[in-house]
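Structure, as structure tokens:
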Amino acid sequence: MSEASPTVLGTKRLIRKHEFVKVIIQCLYSLGFGESASCLELESGISDKSHDFELFKSQVLNGNWDGCIQTLKAFSDLKEDTRAAALFLIFEQCISEYLSHGDYLKALAVLRKDVSALDVGRDLIHNLAHNILSLNEELGKNDDNIVGGSRRNLLRELEKLLPPPIIMPERRLESLVETTVSAQINSCMYHNSPGAVSLYVDHLCGRDQIPTETHQILTDHKNEVWFVQFSNSGKYLASSSSDCTAIIWEVPDDDDGKITPKHTLCGHQKQVSFVAWSPDDKKLLTCGNLEVLKLWDVETGTLMHTFGDLNFIVGSCAWFPDSERLVCGSSEPEKGIYMWDCNGNEIKAWRGTRMPKVIDLAVTSDGENLICIFSDKEITIVNVITNAERVISEEHSITSLSLSGDGEFFIVNLNSQEIHMWDIAGKWEKPKKYMGHKQSKYVIRSCFGGLNSYFIASGSEDAQVYIWNRKNSSPIEVLVGHLMTVNCVSWNPRRPQMLASASDDQTIRIWRPSLPSKMQTKKLIVFLNPFSI
């Protein structure tokens, strides 16, 4: 088969046959099937590398620098900046080898005559000149093995520079297949499982990949449940209620196990509005509604410290990554934001007469940014190291804030019945918007979740849980089961198919995917033939 053959493949006739064969040959070599690759080369008459590159490769490995330079200059369709960069690498290797053999005058001549004529930037040339002495000291002791290894390294760097058809990028077939699979995954609204996917069929997940059915109902709270949050390890769940308590729950390792209460935390005089896990999951903060903040030991359930008093009513809080510092915002104007250690010692404060009340706040996973919701409609992102600020203004009142698992995005719930997603880096001029749930009167909290935080879930005033794929503004699932407003949801960060929701109906629901088809089949068999078991 000739490489110039115009034969094309595929139903749309978009794939050149000789290129396709060449990619397969390269793949066989990279997978270690050298004999198969050689047979295919022999049968097809196609090599995975061009004849010009094979000549170039031989010249590089043999140190034939004059021939190597001439071959490089003869390559057609090579951009001049690429050619100059490749020549610089070759001259650099040439100089190194001259120095290793003590040919200082030849090395200096290459630098002055050849390198200085290249359009690669004066800094590179000056650095090479400055390093000649150190190169001499390092390479003067080189043996043939070291020089051979250096030439192979040079060849790898040149391969990265040279474009097709001179040389193909490494693992080209794998890259093409992976790009196709990634595109299919990205277009799949329900994809929620890590790991490899089958190449035998086009990838498409069903709704059984995300939590849609009630797996368990927790009824230990005696009044409305306002907040729920899984721990960072996913091994615990914490909830808070208007019954003035918070509960720490244990999450079993197996999918069929039941979540059980570990500690009931009592001590607040008012309703407990929310909780916050330390990053190491050893401590838990509980915040009373217009009251104090309490710090608890997760293992023992004992109270460790109480923050705030009548002069500083805590409205929201968050942890820094070291699990030793926390930040709290006041629900009263002018009182500001405080950073404390776990013993209540003040580390830093943002306060003043112009400081509005704090609605909600969060700290990014790297500990660099503090995100605050001020005065209902204003989002302020503060760099805690440089104190640089960025302000985002919303048109409607914000009730809550939540960060993505990777710390790159955050979402806010608005009383206009929308959820807005912003990037923390500040590259977006407008947010991505999600709609469909009901929110106009109460504080409703949403969260990121699922594999790589690809999904968003939210409570709703219509007693339902809504789930969106981040790429789609309309919900892909609406979960029915609660009897009253769903105040808060939390997605297990380590088990992407587990979701919890807290409701005014005094319950917490644990949602899991629908039963596997084999379980459904077993139920049907038992129904049709009860004596089969």
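Taking a straight line from the alpha carbon of K17, these aspartates and glutamates sit under 18 Å away, with near neighbours fewer than eight places off in the same chain left out: E3, E41, E43, D48, E174.
Calculated on the Cα set of the range 239-292, radius of gyration then Dmax: 12.5, 39 Å.
Round to the nearest 0.05 the FRET efficiency obtained for T179 and H101 when R0 = 45 Å and r is the Cβ-Cβ distance. Approximately 0.45, to the nearest 0.05. Add -39500 (n - 2.57) for each DSSP H run of 4 or more in the chain, then divide by its residues: what number comes out at 222 nm, to the nearest 500 deg cm²/dmol? It lands at -8000 deg cm²/dmol. Each 10 Å bin from zero up to the one holding the largest Cα-Cα distance in the range 209-515 carries the following percent of pairs: 6, 30, 39, 22, 3, 0. For the range 429-468, a Kirkwood radius taken over Cα pairs fed into Stokes-Einstein (37 °C, viscosity 0.692 mPa s) yields D = 296 µm²/s. Considering only trypsin sites (Lys or Arg not before Pro) in DSSP loops that have at most 13 other Cβ atoms within 10 Å, the longest stretch of the chain without any of them is 142-221. Calculated on the alpha-carbon coordinates, the convex hull of the range 49-167 measures out at 95 cubic angstrom per residue.
Go through L218, L290, I247 and say which Cα lies farthest out towards the positive end of the charge dipole of the range 153-300; charges sit on Cβ, +1 for Lys and Arg, -1 for Asp and Glu. The listed residue farthest towards the positive side: L290. Counting charges near Q506 (Lys, Arg +1; Asp, Glu -1) among other residues having Cβ under 10 Å from its Cβ returns a value of -4.
Helix 80-100 and the long axis of the chain differ in direction by around 70°, with both axes built from C-alpha atoms. Placing +1 on the Cβ of every Lys and Arg and -1 on the Cβ of every Asp and Glu, with no other charges, gives the chain a dipole of roughly 1000 debye about its Cα centre. Our note on the geometry: Cα centres of the range 258-313 and the range 74-127, 66 Å apart. Per-residue accessible area (protein heavy atoms, 1.4 Å probe) orders T219, T82 as T219, T82, starting from the largest. Taking the 1.4 Å solvent-accessible surface of the chain as the whole, the part contributed by carbon and sulfur is 51%.
The listed residues L155, L55, L105, L173 rank as L105, L55, L173, L155 when sorted by accessible area, largest first, using a 1.4 Å probe.
Relative to the longest principal axis of the Cα atoms of the chain, helix 17-30 runs at roughly 80 degrees. Hey, what D do you get for the chain in µm²/s if you plug the Kirkwood alpha-carbon radius into Stokes-Einstein at 37 °C and 0.692 mPa s? Result for D is 116 µm²/s.
If one takes the longest principal axis of the Cα atoms in the chain, at what angle in degrees, from 0 to 90 and to the nearest 10, does the Cα axis of helix 172-186 lie? Taking the Cα atoms of the chain, the angle to 172-186 is about 20 degrees. Here is the P(r) of the range 160-271: all C-alpha pair distances, binned every 5 Å from 0, give 2, 9, 13, 13, 11, 9, 10, 8, 7, 6, 5, 4, 3, 2, 0, 0 in whole percents.
The values are calculated or read from the model by the stated rules, or taken from the named source; none is laboratory data. On a predicted model such as this, the values are computed, not experimentally measured, just so you know. Virtual Cβ from ideal backbone geometry, glycine too; neighbours counted across all protein chains shown. Just the protein is used for accessible areas: all its heavy atoms, side chains included, with ligands, DNA and RNA removed. Shrake-Rupley method; radii C 1.70, N 1.55, O 1.52, S 1.80 Å.
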